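To start, the structure itself, in structure tokens.
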Amino acid sequence: MHESRHILVVEDELDLAELLRYNLNVSGHNAEVVHSGQAALDAVAARKPDLIILDVMLPEIDGIEVAKRIKSSTETSDVPIIFLTAKSSDEDQIRGLDAGGDDYVTKPFSVKVLLARVVAALRRSAKGSSESEILEIGPIQLDTDKHEVMVDGSSVRLTLTEFKLLATLMAGPGRVLSRRGLISNAIGPGITVTERTIDVHIAAIRKKLGEHGSMIQTVRGVGYRLVDPES
Ligand code: CA
């Protein structure tokens, strides 16, 4: 049941890269470590990983660019990416999530926290292929099996976390979901993320929904709900 998952670590700080390799391997994963953006792209082309831990600040091709290239290929767009970032401003986080990051961890971080995020991301990505259902609300169509979202008939690319959040909101249209509830449904129970993380993901989803972004309403002091404009 617990097969070893192939995790690509992209980190140019050699000590940190080795620390991650050691801890991932001790935790039963199979870690491959590279130190540059180009090496990361080569490694992904050679063997598709189950997850990528990607440092943002890399020489030459930075982590944001690496993520964009991986997410723009249909072969690899479903590989979850956890960004390691030294920048903690909201703007930088949104930039990372826009580039296709499913999660981010701000340096300095505890290895224990990072490992928990890795397990959560792998679990989310494994769960994706089980049940098939098509949810449709107004102009938005979401296929839970194919992981496809169509808005006004055009395909919209969401990260796995964004997809899970939208699916959770679409499963109960009009119902207000608390940030805590969204975290538990879309990211996983027992995972500690700040409520602000949810706000960042929701902002990214709204942007991708374009003119229909307003279908996701903020309920002040509570959370979010998705409303059907046709009802
Ligand atoms: Ca770095």
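Listing for the model above:
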item: Residue check for A167: under 26 Å from L122 (Cα atoms), open to solvent by less than 10 Å² (accessible area, probe 1.4 Å) and of a type in the set (G, A, S); result: no
item: Search result, residues across segment 6-31 that are surrounded by fewer than 19 Cβ atoms within 10 Å (Cβ to Cβ) and away from the ligand (no atom under 16 Å from the Cβ); result: H6, Y22, N23, N25, V26, S27, G28, N30
item: All positions within segment 1-56 that are farther than 23 Å from R69 by Cα, assigned by TED's automatic domain parsing to the domain that holds D78 and aliphatic (A, V, I, L, M); result: L14, L16, L19, L20, L24, V26
item: From the options T197, T218, residue that is polar (S, T, N, Q) and part of a strand (DSSP E or B); result: T218
item: Output for segment 50-94, where each listed residue is among the hydrophobic types (A, V, I, L, M, F, W, C), under 14 Å from the mean Cα position of the chain (by Cα) and either away from the ligand (no atom under 16 Å from the Cβ) or in a loop (DSSP other than H, G, I, E, B) (or both); result: L51, I70, V79, I94
item: Criterion: among the small types (G, A, S), within 13 Å of L97 (Cα to Cα) and out of contact with any Gly (no Cβ under 6 Å at 6 or more places or on another chain) - qualifying residue of A167, A203, A171; result: A203
item: Qualifying residues in segment 32-49 (those that are in a loop (DSSP other than H, G, I, E, B) and under 21 Å from the mean Cα position of the chain (by Cα)) - the one surrounded by the fewest Cβ atoms within 10 Å (Cβ to Cβ); result: R47
item: Members of segment 10-31 that are outside any helix (DSSP H, G or I), within 21 Å of the chain's Cα centre (by Cα) and not acidic (D, E); result: V10, H29, N30, A31
item: Complete set of residues in segment 11-26 that are over 21 Å from D62 (Cα atoms) and not hydrophobic (A, V, I, L, M, F, W, C); result: Y22, N23, N25
item: Within segment 68-89, considering residues that are closer than 16 Å to T161 by Cβ and out of contact with any Leu (no Cβ under 6 Å at 6 or more places or on another chain), the one surrounded by the most Cβ atoms within 10 Å (Cβ to Cβ); result: I70
item: Subset of segment 189-223 [in contact with a Lys or Arg (Cβ under 6 Å, 6 or more places away or on another chain) and either surrounded by 18 or more Cβ atoms within 10 Å (Cβ to Cβ) or under 20 Å from R117 (Cβ atoms) (or both)]; result: E195, I198, I216, G223
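The values are calculated or read from the model by the stated rules, or taken from the named source; none is laboratory data. Every value quoted in this text rests on a predicted model; they were computed, and no experiment measured them. Cβ coordinates were reconstructed from backbone atoms using ideal geometry, including for glycine residues, and neighbour counts include every protein chain displayed. Accessible surface is based on the protein model in full, side chains and every heavy atom, while ligands, DNA and RNA are left aside. Shrake-Rupley method; radii C 1.70, N 1.55, O 1.52, S 1.80 Å.
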